[in-house]
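Since the structure comes first, as structure tokens, the remarks are kept for the end.
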Amino acid sequence: MLHDALLLLPDFILIVLGLLLVRFTALNRNVWDGVERLVYFVLFPALLFSTTSRGHASLGDTRDFVIAGAAMLLIGIGLSYLAFWSRKADRRCVASGVQTAFRFNSYIALAVADRVGGPPAVSLVAVLIAVGVPLCNVAAVWALARHAQSNVWRELLRNPLLIATVAGLTVHSLGLSLPEPIVPALDRLGHASIALGLMTVGAGLQWRGLHRELPVGLWFLSIRHLLLPLSAIALAWAFALPPLQALVLVLFAAMPTASSAYVLAARMGGDGPYVAGLVSLSTVLGAFSIPVFLAVMQH
């Protein structure tokens, strides 16, 4: 267990570094807002496009793994949407926070995969991202658009992560090769996205809105950090997945929620501070849930 926690320590050091920089240096929240936009709209889409267009694994090669991953995310979406039935809960908080139950922090997922399984594990995570980004963004945007009365399809077509994923899968499925000068440029952008992405997670930690609808928020995070990993273990067993695929699926299910959940909620008129609090608490919980389920799968 201690070894598993130490394995992930460098990634969480970067998260803590981002928190310290925003609190104790001139690199204040205004600076990190710009960095966050750079990561969300440029660096991370470049990484997604690069990994999905040139991955070691494809959707066709990992059929059972993909089905299990999609089923796991659908379970999370279904469980989280139960909160809409609560008559007492604030509808704006529910619509904003529901995404924290099933969305995933891709920065941490890719960093953890690289540490536990190298390029093959990273490629498997890229496949899950390719499946999960459209699925989770549809579910998240639909909930917010339903509350804000926005156009769901317009919001999806403007999502940079979805655009990059679809473009990368298209290039991969057509067997196309990128021009040589483009490949190293994408690699450099992708490498920068992981370190900066982890630091923006730390810089974005804030708790001021967490007190609003805390019981509903705890339901969302119990799905994210307990029910989803347990369902992933059951699905890995049911599909008899190979050890590496099973490990990646369960670790992916144990990830903290996406830091970009706050960006999406704020941009679509949701309760941004409430989502920021849930993202912060989820990041802290992830420091415990990831080593725990890593130990479970390895031992």
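The values are calculated or read from the model by the stated rules, or taken from the named source; none is laboratory data. A quick note: this is a predicted structure, and the numbers were derived from the prediction, not measured. With ideal geometry, Cβ positions are generated from the backbone for all residues, glycine too; neighbour counts draw on all protein chains shown. Only protein heavy atoms, including side chains, enter the accessible area calculation; ligands, DNA and RNA are left aside. Shrake-Rupley method; radii C 1.70, N 1.55, O 1.52, S 1.80 Å.
Only one of the numbered conditions (1) in contact with a Pro (Cβ under 6 Å, 6 or more places away or on another chain); (2) at pLDDT below 80 is violated by PRO160, and that is (2). Taking the numbered list (1) buried (at least 16 other Cβ atoms within 10 Å of the Cβ); (2) at negative phi in turn, GLU213 passes all entries but (2). Applying a threshold of 9 Å to beta carbon distances and a minimum spacing of six or more residues, or different chains, the list of pairs starting in region 78-92 at a residue that is under 10 Å from VAL216 (Cα atoms) and ending at one that is in a helix (DSSP H, G or I) and of a type in the set (Ser, Thr, Tyr) reads SER80/THR100; ASP90/TYR274. For region 112-123, a residue qualifies if it is modelled with pLDDT of 80 or more and open to solvent by 10 Å² or more (accessible area, probe 1.4 Å), and the qualifying residues are ASP114, ARG115, VAL116, GLY117, GLY118, PRO120, VAL122. Looking at LEU281, LEU294, LEU285, LEU247, just one residue is open to solvent by 10 Å² or more (accessible area, probe 1.4 Å), closer than 23 Å to PRO120 by Cα, assigned to a helix (DSSP H, G or I) and out of contact with any strand residue (DSSP E or B) (no Cβ under 8 Å at 6 or more places or on another chain), and that residue is LEU247.
Against the conditions (1) assigned to a helix (DSSP H, G or I); (2) at pLDDT below 90; (3) out of contact with any Lys or Arg (no Cβ under 7 Å at 6 or more places or on another chain), LEU227 satisfies every one except (2). Listed by first and then second residue, the pairs with beta-carbon distance under 8 Å, at least 6 apart or on different chains, first residue in region 273-299 and more than 12 Å from ASN105 (Cβ to Cβ), second of a type in the set (Ser, Thr, Tyr) and open to solvent by 10 Å² or more (accessible area, probe 1.4 Å), are VAL275/TYR262; ALA276/TYR262.
Of all residues in region 61-83, one or more are more than 17 Å from the chain's Cα centre (by Cα), farther than 22 Å from LEU144 by Cβ, surrounded by fewer than 24 Cβ atoms within 10 Å (Cβ to Cβ) and at pLDDT below 85. Within region 95-120, residues that are within 18 Å of PRO45 (Cα to Cα) sit with their Cβ atoms under 7 Å from residues that are in a loop (DSSP other than H, G, I, E, B) and open to solvent by 10 Å² or more (accessible area, probe 1.4 Å), at 6+ positions apart or across chains, in these pairs: ASN105/SER259. Scanning region 168-182 for residues being in a helix (DSSP H, G or I), in contact with a Ser or Thr (Cβ under 9 Å, 6 or more places away or on another chain), among the aliphatic types (A, V, I, L, M) and open to solvent by 60 Å² or more (accessible area, probe 1.4 Å) gives a total of 0. Number of residues in region 195-228 that are over 22 Å from VAL94 (Cβ atoms) and out of contact with any Ser or Thr (no Cβ under 7 Å at 6 or more places or on another chain) equals 7. Being out of contact with any strand residue (DSSP E or B) (no Cβ under 7 Å at 6 or more places or on another chain), closer than 21 Å to ALA121 by Cα, modelled with pLDDT of 80 or more and crowded, with 17+ Cβ neighbours inside 10 Å is true of ALA46.
Taken over region 252-271, the residue count meeting the criterion of being within 11 Å of PHE104 (Cα to Cα) and either open to solvent by less than 10 Å² (accessible area, probe 1.4 Å) or without any contact (Cβ under 8 Å) to a residue 40 or more places away in the chain (or both) is 8. Scanning region 131-157 for residues that are at pLDDT 80 or above and polar (S, T, N, Q) returns a single hit, ASN137. The single condition from (1) at pLDDT 80 or above; (2) touching a Lys or Arg at 6+ places or on another chain (Cβ under 9 Å) that ASP90 fails is (1). Looking at region 2-11, can you tell me whether even one residue there is acidic (Asp, Glu), at pLDDT below 85 and open to solvent by less than 10 Å² (accessible area, probe 1.4 Å)? Among the residues of region 2-11, at least one is acidic (Asp, Glu), at pLDDT below 85 and open to solvent by less than 10 Å² (accessible area, probe 1.4 Å), which makes the answer yes.
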